[in-house]
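J.: Pasting in a structure now, in structure tokens, and then I'll have a few things to ask.
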Amino acid sequence: MTTPALPTFFISHGGGPWPWMEEQMGGRYDRLKTALQQMPQLAGAVPKAVLMISAHWEEPDFTIMANPNPPMIYDYYGFPDYTYQIRYAAPGAPQLAGRVLGLLENAGIAARIDPLRGFDHGMYAPMAVIYPGAEMPTVQLSLKRGLDPLAHLALGRALAPLRREGILIVGSGLSYHNLRAFGPAGKEPSAAFDAWLLQALTATTPEQRTAALTAWENAPAARQAHPREEHLLPLMVAVGAAEDDTATRVYHEDDFAGGITVSSFMFGGMRQ
């Protein structure tokens, strides 16, 4: 009997350590929180582990965390002192790290293991909501410097077998990421880019979708939405690992942070 493939996800992970600051946020993250809380149900089965590709880790070659007890990396600035002491003590998964390395090497993709790397907030901010008990073994996989969409689509393709091995692949970024144009200044460009993204992901053939993502810089307001594309590249990995599957938008709001349009997507899964 064939094991059903888990879906993959691209999630907008929000800003900094927001799950530990909900009282100060005044409901700003309520809709994102609700969407993230629904992910275990959308996955359709309890994963053995999560493989997380975060916008906040780049290396010269794809690099896989193999620390069995990853420490915290407080990679944000200007937040309350207590947020630099928070803990999300999910276990690592060195065996999964080795499996990922093997898949990448077999695909001819240069990769290496990092035995010391800790969790960054692109992982623990959303995971503290998705799996609040910190029980889910999690491995982070870096982006590759140069941020080539083709390289990250190819990375996803190499990772695809993990979906039938009980591994949930999650790309963690933000569908709009221009920190100089949040609030009213980002309203129009974020809406334009988000509308393109929805069409490119959900109203195309797999071949058209891949072609659109490869040429994402041609999208409306592309460089206004992503002056630097590290928060978009985790999407390429999620799509590459589920290249023939249907996309479903699983989170959307058009007034985030004072008017920004943001979305998250699932590829494959129970809604197929």
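The values are calculated or read from the model by the stated rules, or taken from the named source; none is laboratory data. Quick caveat: nothing in here was measured; it's all calculated off a predicted structure. For neighbour counting, all protein chains shown are included, and Cβ atoms are generated from backbone atoms with ideal geometry for every residue, glycine included.
J.: Within region 1-14, which residues are in contact (Cβ under 8 Å) with a residue 12 or more places away in the chain and surrounded by fewer than 19 Cβ atoms within 10 Å (Cβ to Cβ)?
T.: Within region 1-14, T2, T3, P4 meet the criteria.
J.: Let me spell it out: the conditions are (1) in contact with a helix residue (DSSP H, G or I) (Cβ under 9 Å, 6 or more places away or on another chain); (2) modelled with pLDDT of 95 or more, and G269 meets all of them except one. Which number is the exception?
T.: (2)
Rundown of residues vs (1) at pLDDT below 95; (2) under 20 Å from D114 (Cα atoms); (3) of a type in the set (S, T, Y), yes/no style:
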| site | (1), (2), (3) |
| --- | --- |
| L150 | no, no, no |
| L153 | no, no, no |
| L159 | no, yes, no |
| R163 | no, no, no |
| I167 | no, yes, no |
| G171 | no, yes, no |
| N178 | yes, no, no |
| A181 | yes, no, no |
| A185 | yes, no, no |
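J.: Among the residues of region 120-135, count how many are part of a loop (DSSP other than H, G, I, E, B), farther than 18 Å from T63 by Cβ and touching a residue at least 12 places away in the same chain (Cβ under 8 Å). Give the steps one after another, and end with the answer.
T.: So in region 120-135, the residues part of a loop (DSSP other than H, G, I, E, B) come out as 120, 131-135.
Imposing the further condition that a residue be farther than 18 Å from T63 by Cβ reduces the set to 131-135.
Those still in the list that are touching a residue at least 12 places away in the same chain (Cβ under 8 Å) too: 131, 134-135.
Within region 120-135, residues that are part of a loop (DSSP other than H, G, I, E, B), farther than 18 Å from T63 by Cβ and touching a residue at least 12 places away in the same chain (Cβ under 8 Å) number 3.
J.: Which of the following residues is part of a loop (DSSP other than H, G, I, E, B) and touching a strand residue (DSSP E or B) at 6+ places or on another chain (Cβ under 9 Å): A238, A242?
T.: On the way: A238 fails: part of a loop (DSSP other than H, G, I, E, B).
Going through A238, A242 in turn, just one is part of a loop (DSSP other than H, G, I, E, B) and touching a strand residue (DSSP E or B) at 6+ places or on another chain (Cβ under 9 Å): A242.
J.: Let me ask another. Pairs needed: first member in region 65-77, on the phi < 0 side of the Ramachandran plot and free of Cβ contacts under 8 Å to residues at least 60 places away in the same chain; second member anywhere, of a type in the set (S, T, N, Q) and outside any strand (DSSP E or B); C-beta distance under 9 Å; at least 6 residues apart or different chains.
T.: Correct list of pairs: M72/Q85; Y74/T83; Y74/Q85.
J.: Quick one: which of R117, R112 is in contact (Cβ under 8 Å) with a residue 12 or more places away in the chain, more than 19 Å from T34 (Cα to Cα), of a type in the set (D, E, K, R) and touching a Ser or Thr at 6+ places or on another chain (Cβ under 7 Å)? Show your work before the answer.
T.: Details: R117 fails: touching a Ser or Thr at 6+ places or on another chain (Cβ under 7 Å).
None of the other options fit; the residue is R112.
J.: Which of (1) over 15 Å from S142 (Cα atoms); (2) in a loop (DSSP other than H, G, I, E, B) is the odd one out, the single condition P70 does not satisfy?
T.: (1)
J.: Which of (1) over 17 Å from the mean Cα position of the chain (by Cα); (2) surrounded by fewer than 24 Cβ atoms within 10 Å (Cβ to Cβ) is the odd one out, the single condition G186 does not satisfy?
T.: (2)
J.: Is it the case that region 78-92 has a residue that's part of a strand (DSSP E or B) and surrounded by 14 or more Cβ atoms within 10 Å (Cβ to Cβ)? Quick ask: steps written out before the conclusion?
T.: Pass one, region 78-92, residues part of a strand (DSSP E or B): none.
No, there is no match, as no residue in region 78-92 is part of a strand (DSSP E or B) and surrounded by 14 or more Cβ atoms within 10 Å (Cβ to Cβ).
J.: Moving to a separate point now. Exactly one of (1) out of contact with any strand residue (DSSP E or B) (no Cβ under 6 Å at 6 or more places or on another chain); (2) closer than 20 Å to S12 by Cβ; (3) small (G, A, S) is unmet by G166. Its number?
T.: Checking G166 against (1) out of contact with any strand residue (DSSP E or B) (no Cβ under 6 Å at 6 or more places or on another chain); (2) closer than 20 Å to S12 by Cβ; (3) small (G, A, S), the one that fails is (2).
J.: Just checking, which of T214, T138, T204 is surrounded by fewer than 20 Cβ atoms within 10 Å (Cβ to Cβ) and within 18 Å of the chain's Cα centre (by Cα)? Spell out the reasoning first.
T.: On the way: T138 fails: surrounded by fewer than 20 Cβ atoms within 10 Å (Cβ to Cβ); T204 fails: within 18 Å of the chain's Cα centre (by Cα).
Step by step, each of T214, T138, T204 is checked, and only T214 is surrounded by fewer than 20 Cβ atoms within 10 Å (Cβ to Cβ) and within 18 Å of the chain's Cα centre (by Cα).
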